[in-house]
Amino acid sequence: MDALYTAVATANGREGRAVSSDGQIDLPLGFPTALGGNGKGTNPEQLFAAGYAACFASAMGNIARQEKIDVSDVSVTAEVSIGKDTDGGFGLSVIMRAELPDHLQGPAGEDLLKKTHAYCPYSKATRGNIPVELVIE
């Protein structure tokens, strides 16, 4: 792959800070209360959810333009869950929720989501590694 852009960020643990090399991100990190933390600060799952939702929505826009589909009123929400896996460690799962207008309910929307999932770089990175469920709302 010929890289067009490289993002660089540094973190020092779940209860530290995350800082990007350009200073656009400088966030406190903290364990969510559901994992026994105080909930003060964001966490890797929230950051991943935000990035995946943004990338998926952008990928959907690219597919929609190619197919001349109006997705101007579409929003995408990523739900990233962390839990114990079968190896005694932790694993992730994702539910991608696409709020689609009436003309994209049913087979047309399902087709768009499948094509988006095949095209999105985050979806490609997670394929075979993390279960991702696609939901139309």
(request) Estimate the FRET efficiency between K114 and R65 by the formula 1/(1 + (r/R0)^6), using the beta-carbon distance for r and 25 Å for R0, to the nearest 0.05. (result) 0.90
(message) Can you compute the helix-only [θ] at 222 nm over the chain? Use -39500 (n - 2.57) per DSSP H run of at least 4 residues, normalise by all residues, nearest 500 deg cm²/dmol.
(response) -10000 deg cm²/dmol
(message) With 10 angstrom as the radius, rank H103, H117 by how many other C-beta atoms surround their C-beta, starting from the fewest.
(response) H103, H117
(request) Return the whole-Å distance between the Cα centroid of the stretch 1-64 and the Cα centroid of the stretch 67-115. (result) 18
(message) I'd like the orientation of helix 44-66 relative to the chain: the angle between its Cα long axis and the longest Cα principal axis, in ° from 0 to 90, rounded to 10.
(response) 20
(request) Kindly put F90, F31 in sequence by how many other C-beta atoms sit within 10 Å of each C-beta, fewest to most. (result) F90, F31
(message) Compute the angle between helix 107-119 and the longest alpha-carbon principal axis of the chain, please, reported from 0 to 90 degrees and rounded to the nearest 10.
(response) 50
(request) Return, ordered by residue number, the residues of the stretch 61-105 whose backbone nitrogen is under 16 Å from a label point located 7 Å along Cα→Cβ of K124. (result) 61-63
(request) Please give the contour-minus-distance gain from A7 to T42: 0.36 nm per residue of separation, less the Cα-Cα distance, rounded to one decimal in nm. (result) 10.7 nm
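Quick note: the coordinates plus some simple rules give every number you see, no bench work behind them. Because the structure is a prediction, the values reported are computed rather than measured. Because the Cβ atoms are built from the backbone with ideal geometry, glycine has one as well, and the counts that use them run over all protein chains shown.
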